[in-house]
Structures are given as structure tokens and as C-alpha cells.
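One structure is given here, and the rest of the page talks about it.
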Amino acid sequence: MKTLAVIPARGGSKRLPRKNIRDLGGLPLIAYTLRAALESELFSRLVVSTDDIEIADIAKSFGAEIPFMRDSLADDHSPVSLVTLDALKRLNEPFDAVAQLMPNCPFRTAEDVKGSFEQFKKSDADTQLSVTRYGWLNPWWAMKLKDRLEPLFPEALKTRSQDLDPLFCPTGAIWWAKPEALKTHKTFYAPNYGGFELSWDHALDIDDADDWKMAEALLILREQKK
């Protein structure tokens, strides 16, 4: 199968400036995603879509292609799925599957990428998201706090936690799509989408300073296990 990996990496991240190339454990953040993609040996092409020259140069040094510099879709509002769709259209090649790998998810592995692809091939889903289970905070007991507490799932408050179904949160680590489905729906949330479960420590999305601290802590734990 001919497969494409797209890594969207804009230069203007606000909550953590220059996040995509910020040093994490001696490597720029984007390098972890590039390494997982390359080591999976799945992809016919591995493309970084960026508007930033420095990101482009660093991505090239770690094995990515930069066939174009993005001149749009680099703001705070454009859905990232449109960046992957833009790359598909610019490349104008036939692919059997396209993966979107977010550079702020450094801990998914090559084995995760391969496992997710195997599941996607065997399923009848048009798209597939990576997800992870909610942890020690029970999502069934979620509440809004306005003038008073408003539970989102009132009936679940009367149910023991062990009797409630597990709930899952999307993580940007590994999203797959059939190219025609992405072109038609312009989102990975197509009508027929599946989910591939990652463990929480492989699923971490780094969006702010607290997430960055968590990533640094996870690196220390990994070193201790070696």
C-alpha cells in the first residue's frame, strides 16, 4: 500500500512559543514524531507541512521531506485536518492511506504507528483516531461550575465507578484516513470513524507548560526503567 504521513508543524504556537522545535531531552520536539514515523517503515512519503523556515530545516535534518512551504492555514483557527488535506492536494499523488501525526505527541512509538495501521486496514472505517482512556479523574462525574454545580451525566453519579463503561479521549498522536474520505468530509471526524487505543504515557499531547513538565517527568521515568 502507498501511504503518506503528514506532520503539521506551524511556527506560531502561542501557549508554548516555538514548541515544535523546543528542546525536550536533548532533541527538538518534532524529532520524536519523525523518528517514530521513520522507524515504522510504513510510509512512502513523510512530509512536514510548515510555514516556518527553521522548523523546515530541522525537520529535513531528521529525515522529513519539505516539498512545499505552507502559505496559509497557519493561524489559531484553521482545523488541522485541513492542513493534511492541503498536503494531499499539493502532492497530487494517489495514496491508499494518509496519516496525520502531530508533533506535540512525542511518545507514540513506531510500534504504535504500525499497530494503528494494522487495525485501520482490517476495519471498515473511513478514518481512525488515536484515543486514550481517562485516568484517575472519572469523566462520568464531570460537572460545570457556574452559580452551582451542574453534572453532565446526572445518572452516573448514582453508579459505582467500576460499573461505568470506560470513556476515551482523542489524542493527536496517530490519525488515519482514506484519502477520498478526507477529501469528501474535510475532517477525520467522518461519519464512519474508528478508534485505536494508546496507553496514557504514549498518548500525551503537549499544549501548555504543565504538559511540558509532564513530558519531562515521563522522560526521567523512562530513563530510570532502562
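Listing for the model above:
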quantity	calculated
Phe120 in contact with a Ser or Thr (Cβ under 6 Å, 6 or more places away or on another chain), under 17 Å from Val6 (Cβ atoms), modelled with pLDDT of 95 or more and not in a strand (DSSP E or B)	no
Search result, residues across region 200-226 that are part of a loop (DSSP other than H, G, I, E, B), touching an Asp or Glu at 6+ places or on another chain (Cβ under 9 Å) and surrounded by fewer than 15 Cβ atoms within 10 Å (Cβ to Cβ)	none
Total residues in region 50-106, condition polar (S, T, N, Q) and under 15 Å from the mean Cα position of the chain (by Cα)	4
Residue count, region 93-129 (criterion: over 21 Å from Ala59 (Cβ atoms) and not basic (Lys, Arg))	17
Qualifying residues in region 31-53 (those that are of a type in the set (Asp, Glu) and farther than 23 Å from Gly115 by Cα) - the one surrounded by the fewest Cβ atoms within 10 Å (Cβ to Cβ)	Asp51
Long-range neighbours under 6 Å by Cβ, at least six apart or interchain, first residue touching a residue at least 40 places away in the same chain (Cβ under 8 Å) within region 143-172, second surrounded by 13 or more Cβ atoms within 10 Å (Cβ to Cβ) and part of a loop (DSSP other than H, G, I, E, B)	Thr171/Asp205; Gly172/Met102; Gly172/Cys105; Gly172/Asp205
Residue list for region 173-198, filter: among the β-branched types (Val, Ile, Thr) and without any contact (Cβ under 8 Å) to a residue 60 or more places away in the chain	Thr184
Top-ranked residue of region 60-116 - restricted to ones that are of a type in the set (Asp, Glu) and part of a helix (DSSP H, G or I), ranked as surrounded by the fewest Cβ atoms within 10 Å (Cβ to Cβ)	Glu111
Failed condition for Arg148, given (1) touching a Cys at 6+ places or on another chain (Cβ under 7 Å); (2) exposed (fewer than 13 other Cβ atoms within 10 Å of the Cβ)	(1)
Subset tally (residues that are assigned to a loop (DSSP other than H, G, I, E, B) and in contact with a helix residue (DSSP H, G or I) (Cβ under 8 Å, 6 or more places away or on another chain)) for region 159-182	3
Residue in region 135-142 that is outside any helix (DSSP H, G or I), among the aromatic types (Phe, Trp, Tyr) and modelled with pLDDT under 95 present	yes
Identity of the residue in region 1-30, small (Gly, Ala, Ser) and either assigned to a strand (DSSP E or B) or free of Cβ contacts under 8 Å to residues at least 40 places away in the same chain (or both), that ends up surrounded by the fewest Cβ atoms within 10 Å (Cβ to Cβ)	Gly26
Qualifying residue in region 170-186 (condition: of a type in the set (S, T, N, Q) and more than 30 Å from Leu16 (Cα to Cα))	yes
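Listed here are the residues, each with its yes/no results for (1) closer than 21 Å to Gly195 by Cα; (2) of a type outside the set (D, E, K, R); (3) within 17 Å of the chain's Cα centre (by Cα).
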site	(1), (2), (3)
Phe117	yes, yes, yes
Ser123	yes, yes, no
Gln128	yes, yes, yes
Arg133	yes, no, yes
Leu145	no, yes, no
Glu150	no, no, no
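The values are calculated or read from the model by the stated rules, or taken from the named source; none is laboratory data. If you're wondering where the values come from, they're calculated on a predicted model, not measured in any experiment. Glycine also receives a Cβ, built like all others from the backbone with ideal geometry; neighbour counts cover every protein chain displayed.
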